[in-house]
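Readers should treat all values here as calculations from the given coordinates under stated rules, not as data from a laboratory. The structure displayed is predicted, hence computed values, not measured ones. Neighbour counts run over all protein chains shown; Cβ positions are idealised from the backbone, glycine included.
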Amino acid sequence: MIPVIDLRAKFGMETTEVTDQTCIIVVEITQSSRKFNTGIIVDHVQEVLDISGQQIEEAPQFDASVQTEFILGMAKIGDTVKILLDINKVLIREDLSMMIE
């Protein structure tokens, strides 16, 4: 059994009904040199990609209205750009304290 965190709630968004598109993605996170598995609830998964380190670039600078603290980088896949979340920063220490105890 692993803990599950709703990303909508984490980002202060209104929760929605669970549908057949709702998914739980299991991720491995690292905090203080310890690794944990947790699930994150997402509205849907559009695609799953293998992205090499060479495809990842630093996130561009945005104006002050855009929070970039959770952005790991940007990946260029063909003609599209994907924003990559830093899951270790998204699920901060306070979220994990419930899992450790």
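Tabulated data
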| quantity | calculated |
| --- | --- |
| Per-residue Cβ neighbour rank within 10 angstrom, fewest leading, Met74, Met13, Met1 | Met1, Met13, Met74 |
| Cα gyration tensor category, rounded, prolate or oblate, for region 6-52 with a/c compared to 1.5 | oblate |
| Full-stretch length increase - Glu14, Asp63 - with 0.36 nm per residue and alpha-carbon distance subtracted | 15.2 nm |
| Phi-based couplings in Hz for region 72-77 (Karplus 6.51, -1.76, 1.60; Gly and Pro marked x) | 7, x, 10, 10, 8, 10 |
| Sorted by Cβ density within 10 Å, fewest first, the residues Val81, Val90 | Val81, Val90 |
| Gaussian network model of the chain, Cα within-10 Å springs - most flexible of Gln21, Gln55, Gln46 | Gln46 |
| Efficiency of FRET between Gln31 and Asp6 - r from beta-carbon atoms, R0 25 angstrom, step 0.05 | 0.85 |
